[in-house]
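Below is one structure; the comments refer to it alone.
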Amino acid sequence: MKAIVVTDRAEGTRGMKLVECPEPQPAINDVVVEVHASGFVPTEMAWPSTWTDRRNRDRTPSIPGHELAGVVAALGYGTTGLSVGQRVFGLADWHRDGTLAEYVAVEARNLAPLPGDVAFTVGASLPISGLTAWQGLFEHGRLRAGQRVIAHGAAGAVGSMVTQLARSAGAHVIGTGRAADRQKALDFGAQEFVDLDSATLEGVSSVDLVFDVIGGDIGKRSARLIRPGGTLVSVVGPPAARPVDGLAIDFVVESDRAQLSEIVQRVRDGRLRTNIGLIAPLDDTVAAFNSTERRAGKTVIRIRP
Ligand SMILES: NC(=O)c1ccc[n+]([C@@H]2O[C@H](COP(=O)([O-])OP(=O)(O)OC[C@H]3O[C@@H](n4cnc5c(N)ncnc54)[C@H](OP(=O)(O)O)[C@@H]3O)[C@@H](O)[C@H]2O)c1
């Protein structure tokens, strides 16, 4: 099969190569999925799991990409709940070969059915950003209607989902980001916008929840804006500061079939919009992830026409 592989950590996305390699075999409880579209997070090149297995052994050449939408091609021993020929989408294991390939082996529990009226490219754009936003707001942040939320990077992949889901839960959303992204963040539902390059974050009156996708100084300054007892949720590493009497939670997204199904249902009925910046074919993957152009929204790779 055709796949993108990486072998050299220091090279980052520049080291991506399109090669021929063997098709994956399904392990117990796996399905092999014929991948139609794949999502990739640029920070994957910095994740240890891209380079080593769970026992810390080198696993290169490894196939990056952890979001997928496709069709079940084969079932492993003992696999239940999915059928050959079924459309699915979801999140592939961090420590195994990923989805920038014509086929991938994934544990069945990490996948959900993809309704026939949702394009594969849309399905592949949802798992990481949708689940991250959902889990950060509702599981870790325990968001309630009427609360005030800062959604950092509100025009980005995760931030646009945070903005929409928080709004539909009845929160007041203050989006942040680059000046050029103001209108995009407002279009996703932010009621206010702070341009982090020029406006002062400290001008925002106190909030119940900050959803941080930026970290560093922005994360530290954001903690001071949270009312006593509120929550800072980070997806970019352990927060440097904790809100007074409150919680600072760092987490890594997990697959969840029920949440994937809820997210895709919201896309179908128009309550949630995905945020795709570019769709490129597999043959153009290396160029797509090494472009110097600023790209707003997610890059999705179409593996099959
Ligand atoms: N822990 C987890 O489970 C998890 C899950 C998903 C994502 N993540 C992490 O979350 C981060 C965001 O991911 P994403 O896919 O949403 O990325 P993304 O689509 O690039 O969105 C990030 C947004 O924030 C903006 N931004 C970043 N730094 C900024 C700054 N200093 N000032 C103003 N705006 C800034 C970006 O603008 P520019 O493009 O102009 O920089 C972009 O609009 C990544 O580090 C990713 O690895 C973690």
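Just so you know, all these numbers are worked out from the coordinates, no wet-lab data involved. Small disclaimer: the values here were computed from a predicted structure and weren't measured. Note: ideal-geometry Cβ built from the backbone for every residue, glycine included; neighbour counts use all protein chains shown.
Summary of values
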quantity: Whole-Hz ³J(HN,Hα) from phi, Karplus 6.51 cos²θ - 1.76 cosθ + 1.60, for region 29-46, glycine and proline x; calculated: 6, 8, 10, 9, 10, 6, 6, 9, 8, 9, x, 9, 9, x, 6, 3, 5, 9
quantity: Ratio Rg/Rh [Cα only; Rh per Kirkwood] for region 3-61; calculated: 0.97
quantity: Using distinct alpha-carbon pairs, which all enter the 1/r mean, Kirkwood radius of the chain in Å; calculated: 19.7
quantity: Quarter of the Cα convex hull surface for region 85-145, i.e. its orientation-mean projected area (nm²); calculated: 5.6
quantity: Debye log10 I(q)/I(0) at q = 0.18 Å⁻¹ for region 129-250, Cα point scatterers; calculated: -0.80
quantity: Qualifying GluC sites (Glu not before Pro) for region 67-167 [loop in DSSP, other Cβ within 10 Å: at most 16]; calculated: none
quantity: Rg ratio (alpha-carbon, reference 2.2 N^0.38 Å) - region 10-96; calculated: 1.16
quantity: Protection proxy ranking of 121-133, 206-218, 71-83 - average other beta-carbon atoms within 10 Å, highest first; calculated: 121-133, 206-218, 71-83
quantity: Relative contact order for region 129-250, counting Cα pairs under 8 Å that sit 6 or more residues apart, in percent; calculated: 21
quantity: Value of Rg/Rh across region 164-231 [Cα atoms, Kirkwood radius]; calculated: 0.94
quantity: Order by protection proxy (mean Cβ within 10 Å, highest first), peptides 29-36, 228-235; calculated: 29-36, 228-235
quantity: Rg ratio (alpha-carbon, reference 2.2 N^0.38 Å) - region 1-148; calculated: 1.09
quantity: Residue of S38, S291, S160 that the Gaussian network model of the chain assigns the largest fluctuation, springs spanning Cα pairs under 10 Å; calculated: S291
quantity: Ascending count of other beta-carbon atoms within 10 Å, so fewest first, for W134, W94; calculated: W94, W134
quantity: Over the chain: helical MRE at 222 nm, DSSP H runs n ≥ 4 each giving -39500 (n - 2.57), nearest 500; calculated: -5000 deg cm²/dmol
